[in-house]
Amino acid sequence: MEIKNVAVIGAGTMGNGIAHVFAQSGFNVKLVDVNAAQLERALQTITKNLDRQLAKQTITEEKKNTTLALIEPISDIATGVSACELVVEAATENVQLKLDIFRKLDEFAAPDAILATNTSSISITKIAAVTKRPSQVIGMHFMNPVPVMKLVEIINGYATSKNVSDLVAALSVKLGKIPCIVNDYPGFIANRILMPMINEAIYTLYEGVADVNAIDTVMKLGMAHPMGPLQLADFIGLDVCYSILNVLHDGFGNPKYAPCPLLTNMVTAGYLGVKSGEGFYKYTAGSKDLTVSSRFQ
């Protein structure tokens, strides 16, 4: 099976990044979102990121223009997926939303099309079970920011065929990515290891062991992490961290995965990190300086 036409469902941060890398690699991309304003923002973001690559001389003006020409924004899911060999869902990390989307994808996509999800923690097997093609459903977990990060976590559901897994892994290489194939258990690899670390960092703050700067500095300078766990949590989105920890907690039934009460309170109060302007740090548009939230000073 040759893949030339790809649909990306969801034009948010991950969706526009996924559309960007597929188009830059020469694929025809249908970027699907019911929100017209979101589609416009996505195209603006892709253009800005291509301009950044152009300024660094990693692409040419011709490549930028070709990439943009290969992306078609569409607001109707049926129209968007009908002629594609691969569909990559990149909607919000919400179980019911993803299940509803996959029911529609199963209805409207070609019978031999592969249906992939960019989920960072939700069971591929559970998602596949709402379709009539579970052997053609797979996880394709890109890292943020997609045009920069090399890893793609390829997650096989219980029924995913080896042919589909091999094809998607080979496709990832064509995108300039490095695929890692894993099996379908809560959190897969990336978040099963990362989220407990972030949660423990939040507990360290919650219990008064150290302040925000100390926790992040220890991990950056002592463990060679490019970003401290609290800053990383802000970057990911505290609501997303909270959701993934709950998936781990529900999936394994182990209390070690339960979200820290401080994280629960912050999410409930709407302090979600970069996306809301404040989490463990405060974020000001256009500023690169990090200021610790006054709540932790």
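Just so you know, all these numbers are worked out from the coordinates, no wet-lab data involved. Just so it is clear, the structure is predicted and the values come from calculations on it, not from any experiment. Neighbour counts run over all protein chains shown; Cβ positions are idealised from the backbone, glycine included.
Here are some notes:
- Difference of contour (0.36 nm per residue) and Cα-Cα distance, residue 57 to residue 13: 13.5 nm
- Förster radius 51 Å - calculated FRET efficiency between residue 163 and residue 213, Cβ distance, rounded to 0.05: 0.55
- Nonlocal Lys pairs with alpha-carbon distance under 12 Å, the range 5-183 (8 or more apart, or different chains): 5
- Gaussian network model of the chain, Cα within-10 Å springs - most flexible of 197, 140, 223: 223
- For the chain, the share of DSSP beta bridges that are antiparallel, to the nearest 5, is 25%.
- Assigned charges on the beta-carbon of Lys, Arg, Asp, Glu; the chain dipole about Cα centre (debye): 360 debye
- Radius of gyration, Dmax [the range 191-296; alpha carbons; angstrom]: 13.2, 42
- Sparse-neighbourhood loop sites, trypsin sites (Lys or Arg not before Pro) in the range 1-103 - DSSP loop, at most 13 other Cβ within 10 angstrom: 4, 56
- Structure-based [θ]222 nm, the chain - -39500 (n - 2.57) summed over DSSP H runs of at least 4, per residue, nearest 500: -13500 deg cm²/dmol
- Residue list for the range 13-39, given a label point 7 angstrom along the Cα-to-Cβ vector of residue 107 and an amide N cut-off under 17 Å: 33-34
- Gyration tensor (alpha-carbon) shape descriptor, the range 121-164, a/c threshold 1.5: prolate
- Most mobile listed residue (208, 279, 251) in the chain, GNM with C-alpha springs under 10 Å: 208
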